[in-house]
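This report concerns only the one structure given below.
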Amino acid sequence: MATSKVFLYMQHDTVFCWNADDILYLRKELRIVGQLEGCLASLPRQLNLCGRPLRLMNEEAHFLLKNNYCELLSCSDLASPPTKQSADNFKEIQNRAFEEQRLLVKEEKMQQILRAGEKILEGKRRKLNKEAAKSGNEPPPLTLEQAVDEEIRRIPELTQANALVQIFTEHPVLDCEKLAPISWDYPSSENDKIRATVYGDLWAKGFYITGGEKFGGDFLVYPGDPVRFHAKYIAICLPFEGLLTPFQIAVHARVAVSVNKKVLLCTVNSDSRVIYKYLEWLDAKREKMSQETIK
């Protein structure tokens with residue numbers, strides 16, 4: 001669990017969080033959901049379950065920075081090809097990991113042989129007896145220690161081709177001295193300012209918020225963690241004096257009804273206060289726009 005500021009990293013105008021403890025802290029303590037985008041080493045070539053890094057929406061990152069929960073960093077090393085020293089350091093890490101793996105594999109094989117020592121001894125004696133019977137000689141004596149030592153000497157060495165490959169979820173040789181705080185000009189446009197303000201207000205009311213693009217909105221608003229709850233609202237951010245045509249209202253309302261949600265129209269007035277209105281059906285043929293208190 002994070003006890004100090006969470007470090008966020010800007011790469012190609014996108015904000016990421018790489019540390020697993022930080023990701024857990026953001027979700028459990030700050031209700032920041034984000035979107036996992038990394039490939040799981042145990043489940044490659046699929047998109048249903050993803051791992052680190054966590055990609056944050058601009059509104060999420062802005063909220064965290066504005067409230068001093070996080071620090072936004074950039075690293076020059078990540079924007080340029082690795083130096084020879086970085087490549088050598090990485091190779092050393094790989095070699096060290098391989099050597100540790102080689103010793104662990106050999107130790108595990110030895111333990112397996114020791115656990116099966118009696119069976120190994122029985123099998124070897126049976127083989128010696130058969131050979132002695134064919135030659136007419138007495139079988140040579142064989143102790144448990146001799147049988148086990150013989151099998152241990154036959155353990156093959158682990159090769160690089162058969163070793164497991166570690167997939168790093170954080171930069172293993174990142175030079176912390178090259179990490180530098182950066183300034184971010186988000187929100188810059190009027191629409192960005194409305195979205196950021198609406199996000200912060202919904203967060204303050206206790207909701208979990210994720211992106212709403214797949215339902216034609218700006219945000220999906222959840223009464224609890226999205227793992228346990230369905231979204232209650234499809235939030236659409238509008239300019240204070242913006243207009244929606246009847247066609248747009250019908251489109252948003254029909255989409256919301258088909259997925260059992262409400263359309264939440266959000267805007268910010270001249271006093272920077274967020275105003276909400278929602279759409280719901282009165283019957284099969286009529287819609288109504290009414291005021292609801294968002295609690």
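Hey, what's region 3-111 come to in accessible area per residue, 1.4 Å probe, Å²? Provide the component values of the computation, followed by the final result.
Numbers: 6830 Å² over 109 residues.
Computed with neighbouring chains in place, this is 63 Å² per residue.
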With every protein chain in place, the accessible area of Phe168 for a 1.4 Å probe, in Å² rounded to the nearest 10, comes to 70 Å²
Taking 0.36 nm per residue of sequence separation and subtracting the Cα-Cα distance, how much length would be gained by fully extending the chain between Glu99 and Gln46, in nm to one decimal?
16.0 nm
Over the chain, what percent of the accessible surface lies on carbon and sulfur atoms, probe 1.4 Å?
52 percent
Show that you can apply the helix-only estimate: for the chain, add -39,500 (n - 2.57) for every DSSP H stretch of four or more residues, divide by all residues, and state [θ] at 222 nm to the nearest 500.
-12000 deg cm²/dmol
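Among Lys66/Lys205; Lys106/Lys178; Lys28/Lys84; Lys28/Lys232; Lys84/Lys109, which pairs are too far apart, with a Cα-Cα distance over 29 Å?
Long pairs (Cα-Cα over 29 Å): Lys106/Lys178; Lys28/Lys84; Lys84/Lys109.
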Where region 176-255 is the region considered: accessible area per residue in Å², 1.4 Å probe
57 Å²
Place the peptides 226-239, 83-96 in order of packing, highest mean first, counting for every residue the other Cβ atoms within 10 Å and averaging per peptide.
226-239, 83-96
Here the chain gives, from Cα atoms, an Rg and Dmax in Å of 30.9, 107
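The values are calculated or read from the model by the stated rules, or taken from the named source; none is laboratory data. The model shown is predicted, which means the values in this text are computed figures rather than measured ones. So basically every Cβ, Gly included, is an ideal-geometry build from the backbone, and we count neighbours across all protein chains shown. For accessibility, only protein heavy atoms count, side chains too; no ligands or nucleic acids. Shrake-Rupley method; radii C 1.70, N 1.55, O 1.52, S 1.80 Å.
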